[in-house]
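Below is one structure, written out as C-alpha cells; comments come after it.
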Amino acid sequence: MIRLKNLVAKYTTVRGQVAAVDGVHLEVPDGIILGVAGESGCGKTTLMKVIYGDIGFPLSLASGSVEYGFCTERGEPVTTTNIRDYWFKRISYIPQSSMSALNPVIRINRQFVDFRRNSKREADILDRVRQYVQELGLPAEAIDAYPHQLSGGMRQRIMVAMATFFHPDIILADEPTTALDVVVQKGILLLLMNLQEKMKNTIFLVSHDMGVHYQITHRMLIMYAAKAVEYGDTNAVFERPLHPYTRLLIESLPTIGDTQTRQGVAGRPPSLWSDLRGCRFADRCPFAREICRMEEPQLREYCAGHMAACHFVDRFM
Amino acid sequence: MNLIKYIAGRVGVYLMVLFTGITIIFFVPRFMPSDPVEGYIGRMVYQAGQTMSAEDVEQLRESLRELYGLKGSLLSQYISFIRRALISWDFGPSLAGYPKPVSEYIATALPWTLGLLTTTTVLAWTLGNLVGLLAGFFHGNRITTVLEVIGVILYPIPYYILALVLIILLAYVWPVFPLSTTIMPGALTIRKLGEIFRNSFLPGMALILAGFGWNVLGMKAMAYATKEEPFVTYARLKGTPSFTIMFHYVFRNAMLPQITALALHMGMIFNGAVLTEMLFSYPGVGSLIRYAIGNGDYNLIYGTLSLSIVAVATAALIVDLLYPLFDPRIRYR
Ligand SMILES: Nc1ncnc2c1ncn2[C@@H]1O[C@H](COP(=O)(O)OP(=O)(O)OP(=O)(O)O)[C@@H](O)[C@H]1O
Ligand SMILES: [Mg+2]
C-alpha cells in the first residue's frame, strides 16, 4: 500500500508561491495500474514528481509525505525523505519523450548501467539486459546502438526496459506514449500491461486519453485544479461517475456508431493564482448551487473504495 | 561506404582550400610597392659606384629574375609556383638571406612556433573548458564563480596588454624569467629543455591567459544550457552519480561546438604568432613572417604564408575527420 498523506506541493516563482498539488490524500493498493487524468495544468506531473521524490527548487513540499510501503535494510519505513536511495531500484520512471531522454552521444548500453554503482560485473548485467530486451520485442543489438539509430517505438521500449529491468515496486509513467503514433502507442501500453501482470508492481499512468485509461487501468484518479476530485475502481468510475467533472470527461469520449459530434468540457479551469473558494469546478458545473461557491467539498468515500469531492454526489447515486 | 564518402568529401574541400589560398598568396605580394630585384640592384649599383655599365646592370637584372623565379609571363610564373608550393614544397632561396633556402629558414623556426602555440592552445582549451564546465554545472557555487569571474575579466583584455603586464611583472619587477628569448644552439639535453621552458614561459602564460577566458565563457554557457536537457534530468532521476552526469552527459554534449572552436583556434595559431613572437623576441615563424615582409623577401613571404595556410586547412581537416568520433550522429549524414 502506498500512502499519499495530505500532499501540498508548491512552486516558488517571482510572483510568489503557487500550490500545484493541494491536499491530495489517498491510499493506493499494491499491484495495480492507477490511471491519473485531468486537464492540462491540473498538477498531474507535479504529483508524479512528488511521489518520485524529485523535490527541488522551484518545487517544494509544503506539507505531507508519501509512505511507499517498503522498508530500508534497517527496517525503517521509506518515505519522501529517503526515497532517492531507491531510485531505479524500487521506484522508477518512464519519461514522456524517449527522443530527448537518452543521451545522443553515448551508446545505450552505457546508459543502461551507469546508474548502478559498481554492483556486479557490468558485462554480466549487460548480458542479462540483452536477454531482457529480447523478451520486450527488441533485437539484442539494440542496446549497443546510439539512440538516433533506433525508431521512436524502439526507443520507448528501451525506456520501458530500463524502468522495469530491476523489478521496481513502483513505476511512474507520465504520458509515456504521447509522442508516438497510435499503433506504436498501443504496443507500448500492452507491453506495460503484460509486464505489470507478471511483476505485480504498482504503475501510476498519467494520460489524457480516457480510452487508454478505460482499457488498461484498474483504478482511476481524476484531478482538477490541483485537487483530487474522484478516485475509484476504473469500472465504477466509468459506469457511475460521481463527480460532474468526471462525467463530462467521460461524455466527451466518442463511441462507435455514434453520430452526434462530441463536445469538450466548456470553459477553463480557474487560475491557481486566483483566490480559490468553494468548489473549484463550480464555475463550469451545470449543477452548481450557492453552497458550491462558498464551501469546499471534501473527498469522501461513497461506496466501497469510490471517493469523490462534491456536495451533490447523491444526485448521481 | 558512407564513411569513405565523408572522408573523400572532406579531403576534396581541403585541397580546394589549399589551392585557393596559395593562389591568393601568389598574387598579393605582386601588388606590393617594393620590388626585391630593383632593391637589390640599387644596393649593388650604390656599392660599386660608376664601375657598373648599363649592360652589366641589365644582365644582373635578368639573372636575378631568373634566379628568383620572376621570369616569364605571369601565367608561367603562377604555374611553376603552384607546382613548387603544392608538390615539391620548394620556395627557392631567400632573397634577403641569399643563398640560404626558404625551406631551411622555415625548418628552424617552425618547431618553436608549433611547440609554443599548440601547447598553449591545448592547455588554454582544457583548463578553460574544465572551469567553464564546473561553473555551468555547479552554477552558484562560490569557488567556481570565482574562477568564472577570472575568466570573464581576462576575456576582454587585449592580448598585448596581458603580455606587457606579464613582462613588466615577471621580467622587470621580479626578474624570474628572461626579457627576451635567448637559447644557445646545440644538442637537445635536459638542461636545454629546461632553458627552453624558462624562455617560453612568459609568452606561453600570456597566450594561455588570453585563450582561457574565451573558453570559460563558451563552455559555461553551453554546460548551463545542456544541464537543462531532458536527458540530463532523466540521468539524474535514474540516480546516475553527479560526476558521471557532468562528464558523460553534460560535457560530452557541450564540448561539440568547443571542438570546432579549438580547430579554428589552431588554425589561427600563426596570426597569434606574429604578435607574440614580436613582443617576446621569440624565434618562430611569426618573427620570420615579419622579417620577410619588412625586407620585401618574396620567396620567404610565399613560404611562410603558404605554411600558415596549410596549417589552418590541415587543422580544420583533422577536426572534421575526428568529429564523428565525438558526435555519432554525424557519421551517416
Ligand atoms: N517549474 C515550474 N515553475 C512554476 N510553476 C510551474 C512549474 N511547473 C509547473 N508549474 C505550474 O504548476 C501547475 C501544474 O503543472 P503540471 O506540470 O503538474 O501540470 P500537468 O497536469 O502535468 O499538465 P499537462 O497535462 O499539460 O502535462 C501549472 O499551473 C503550472 O503552471
Ligand atoms: Mg504533465
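The values are calculated or read from the model by the stated rules, or taken from the named source; none is laboratory data. No experiment lies behind these values; they were computed from the predicted model shown. Heads up, the Cβs are rebuilt from the backbone with ideal geometry, glycines too, and the neighbour counts pull from every protein chain shown. Please note that ligands, DNA and RNA were not included when accessible areas were found on the heavy atoms of the full protein model with its side chains. Shrake-Rupley method; radii C 1.70, N 1.55, O 1.52, S 1.80 Å.
Miscellaneous remarks
- Wholly within the stretch B:208-308, helices (runs of 4 or more DSSP H) carrying at least 3 residues that are more than 30 Å from B:Leu64 (Cβ to Cβ): B:230-238, B:252-267, B:269-279
- Remark: B:Tyr234 matches the filter, which requires a residue to be within 14 Å of chain A (Cβ to nearest Cβ), within 30 Å of A:Phe115 (Cβ to Cβ), aromatic (Phe, Trp, Tyr) and crowded, with 16+ Cβ neighbours inside 10 Å.
One line per residue, one yes/no per condition, for (1) of a type in the set (D, E, K, R); (2) assigned by TED's automatic domain parsing to the domain that holds B:Asn299; (3) under 30 Å from B:Ala206 (Cβ atoms); (4) in a loop (DSSP other than H, G, I, E, B):
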{"residue": "B:Gly39", "(1), (2), (3), (4)": "no, no, no, no"}
{"residue": "B:Glu58", "(1), (2), (3), (4)": "yes, no, no, no"}
{"residue": "B:Glu66", "(1), (2), (3), (4)": "yes, no, no, no"}
{"residue": "B:Leu95", "(1), (2), (3), (4)": "no, no, no, yes"}
{"residue": "B:Trp112", "(1), (2), (3), (4)": "no, yes, yes, no"}
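- The stretch B:285-298, residues that are in contact with a helix residue (DSSP H, G or I) (Cβ under 9 Å, 6 or more places away or on another chain) and open to solvent by 10 Å² or more (accessible area, probe 1.4 Å): B:Ser287, B:Leu288, B:Ile289, B:Arg290, B:Tyr291, B:Ile293, B:Asn295, B:Tyr298
- When the residues of the stretch A:117-135 are filtered to those that are open to solvent by 90 Å² or more (accessible area, probe 1.4 Å) and in a loop (DSSP other than H, G, I, E, B), the one that is nearest to the other protein chains (Cβ to nearest Cβ) is A:Arg117.
- Residue in the stretch B:240-247 that is open to solvent by less than 40 Å² (accessible area, probe 1.4 Å), over 24 Å from A:Trp87 (Cβ atoms) and of a type outside the set (D, E, K, R) present: no
- The criterion of being open to solvent by 70 Å² or more (accessible area, probe 1.4 Å), under 18 Å from B:Leu305 (Cβ atoms) and of a type in the set (D, E, K, R) holds for B:Arg83.
- Cβ-Cβ contacts under 6 Å between residues 6 or more apart (or on different chains), taken from a first residue in the stretch A:44-63 that is away from every other protein chain (no Cβ under 12 Å) to a second residue that is of a type in the set (Gly, Ala, Ser) and within 13 Å of ligand 2 (Cβ to nearest atom), are listed as A:Lys44/A:Gly38; A:Thr46/A:Ala20.
- Elements of the type strands (runs of 3 or more DSSP E) sitting completely within the stretch A:1-112 and holding at least 3 residues that are more than 15 Å from ligand 2 (Cβ to nearest atom) and either charged (D, E, K, R) or open to solvent by less than 10 Å² (accessible area, probe 1.4 Å) (or both): these cover A:2-13, A:16-28, A:59-71.
- Residue-level check: of (1) more than 23 Å from B:Gly218 (Cα to Cα); (2) more than 9 Å from chain A (Cβ to nearest Cβ); (3) open to solvent by 20 Å² or more (accessible area, probe 1.4 Å), B:Thr260 misses just (1).
- Close pairs (6 angstrom Cβ cut-off, 6 or more residues apart or separate chains): over 13 Å from B:Leu322 (Cα atoms) in the stretch B:1-16, surrounded by 11 or more Cβ atoms within 10 Å (Cβ to Cβ) anywhere: B:Asn2/B:Tyr332; B:Tyr14/B:Ala313; B:Tyr14/B:Leu317
- Hey, A:Leu253 away from ligand 1 (no atom under 16 Å from the Cβ) and more than 19 Å from the chain's Cα centre (by Cα) or not: yes
- Contacts under 6 angstrom Cβ, first residue in the stretch B:130-154 being closer than 12 Å to B:Asn215 by Cα, partner outside any helix (DSSP H, G or I), 6 or more apart: none
- Top-ranked residue of the stretch B:28-37 - restricted to ones that are open to solvent by 70 Å² or more (accessible area, probe 1.4 Å) and assigned to a helix (DSSP H, G or I), ranked as modelled with the highest pLDDT: B:Val28
- Considering only residues in the stretch A:161-179 that are away from ligand 1 (no atom under 16 Å from the Cβ) and surrounded by fewer than 20 Cβ atoms within 10 Å (Cβ to Cβ), the one that is farthest from B:Tyr234 (Cα to Cα) turns out to be A:His167.
- For the stretch A:300-308, the criterion of being buried (at least 18 other Cβ atoms within 10 Å of the Cβ) and assigned to a loop (DSSP other than H, G, I, E, B) is met by none of the residues.
Condition check ((1) over 28 Å from B:Phe280 (Cβ atoms); (2) within 14 Å of another protein chain (Cβ to nearest Cβ); (3) among the polar types (S, T, N, Q); (4) under 27 Å from the mean Cα position of the chain (by Cα)) across all residues:
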position	(1), (2), (3), (4)
B:Ile153	no, no, no, yes
B:Pro158	no, no, no, yes
B:Leu179	no, no, no, yes
B:Thr189	no, no, yes, yes
B:Lys192	no, no, no, yes
B:Ala210	no, no, no, yes
B:Val216	no, no, no, yes
B:Tyr224	yes, no, no, no
B:Gly239	yes, yes, no, no
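- Criterion violated by A:Asp114 - all others in (1) in contact with a Ser or Thr (Cβ under 9 Å, 6 or more places away or on another chain); (2) without any contact (Cβ under 8 Å) to a residue 12 or more places away in the chain; (3) more than 8 Å from every other protein chain (Cβ to nearest Cβ) satisfied: (3)
- Qualifying residues in the stretch A:202-217 (those that are at pLDDT 95 or above and among the polar types (S, T, N, Q)) - the one nearest to A:Met48 (Cα to Cα): A:Thr202
- Condition check for B:Leu133: part of a helix (DSSP H, G or I) and open to solvent by 70 Å² or more (accessible area, probe 1.4 Å): no
- Residue in the stretch B:38-55 that is open to solvent by less than 30 Å² (accessible area, probe 1.4 Å), within 33 Å of the chain's Cα centre (by Cα) and closer than 21 Å to B:Ile293 by Cα present: no
- Failed criterion for B:Tyr249 (all others in (1) hydroxyl-bearing (Ser, Thr, Tyr); (2) free of Cβ contacts under 8 Å to residues at least 60 places away in the same chain; (3) away from chain A (no Cβ under 14 Å) hold): (3)
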